[in-house]
């Protein structure tokens, strides 16, 4: 079985968010997919099988399958359009979050994802205990979004990730208005077995709609301030978020299974 490692939302290796991608001829067992994801120990391992004109796509973290992953979808589209079907410019995926479409636009890949609801929730003492600073606002959908006062607070944050397991939401997202970019964020995922996710496409399905409303603009440049870092070009279009970025090929491996 061939596996590709692709760094998404970057144009050079060792930056962006790495994802493992396996494009299969037929499905393997869920247990085997989970064991591969655990062995890879990346935030996501993607598995895809072509079914008709579309690819059925699934994403696994080290702790289990999830319903949406932006960077691993982009990485899978990168693999398909570079090695599997280099003649195509559009890849359609069937996923747990419905149909996702990725288009190749020169060096960029554009992925259309469902926008999350931005529902305000109470700021709690637990949030403050986890973050070491009290958020000025908080919002909840699949993930928890905490809005901080400024970019420096986001960049210097050292959250208590063991206590973060007690918070609502799958991912813990912190964000603030940017200085060089429209917004800056960091994403923590202890519930998925990942301390900090480098560059998170799905989290921007909530971050981008929030800042689109606050800033009064649909097109945003978002910076994720992880150690690896990455830049996401996000466009909010009603109930969809279009994310654009590049990807870099790190490695190809044969899994001895």
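In table form, for the structure just shown:
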{"read-out": "Qualifying residues in the stretch 207-220 (those that are touching a residue at least 40 places away in the same chain (Cβ under 8 Å) and surrounded by 14 or more Cβ atoms within 10 Å (Cβ to Cβ)) - the one farthest from residue 23 (Cα to Cα)", "value": "210"}
{"read-out": "Out of 26, 50, sole residue that is assigned to a loop (DSSP other than H, G, I, E, B), surrounded by fewer than 23 Cβ atoms within 10 Å (Cβ to Cβ) and either at pLDDT below 95 or touching a strand residue (DSSP E or B) at 6+ places or on another chain (Cβ under 9 Å) (or both)", "value": "26"}
{"read-out": "Among (1) part of a loop (DSSP other than H, G, I, E, B); (2) touching a helix residue (DSSP H, G or I) at 6+ places or on another chain (Cβ under 7 Å); (3) buried (at least 17 other Cβ atoms within 10 Å of the Cβ) - the single one residue 91 does not satisfy", "value": "(1)"}
{"read-out": "Qualifying positions in the stretch 146-185 - touching a helix residue (DSSP H, G or I) at 6+ places or on another chain (Cβ under 6 Å), outside any loop (DSSP other than H, G, I, E, B) and within 20 Å of residue 228 (Cα to Cα)", "value": "161, 172, 174, 175, 176, 183, 184, 185"}
{"read-out": "Residues within the stretch 223-242 that are in contact with a helix residue (DSSP H, G or I) (Cβ under 6 Å, 6 or more places away or on another chain) and in a strand (DSSP E or B), tallied", "value": "4"}
{"read-out": "Per-region count, the stretch 186-203, residues more than 16 Å from residue 41 (Cα to Cα), in contact with a helix residue (DSSP H, G or I) (Cβ under 7 Å, 6 or more places away or on another chain) and modelled with pLDDT of 95 or more", "value": "1"}
{"read-out": "Matching option when the condition is assigned by TED's automatic domain parsing to the domain that holds residue 99 and more than 20 Å from residue 201 (Cα to Cα), among 44, 87", "value": "87"}
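The values are calculated or read from the model by the stated rules, or taken from the named source; none is laboratory data. Just so you know, these numbers come straight off a predicted model, no measurement behind them. When we count neighbours, we look across all protein chains shown, and the Cβ atoms used for this are built from the backbone with ideal geometry, even at glycine.
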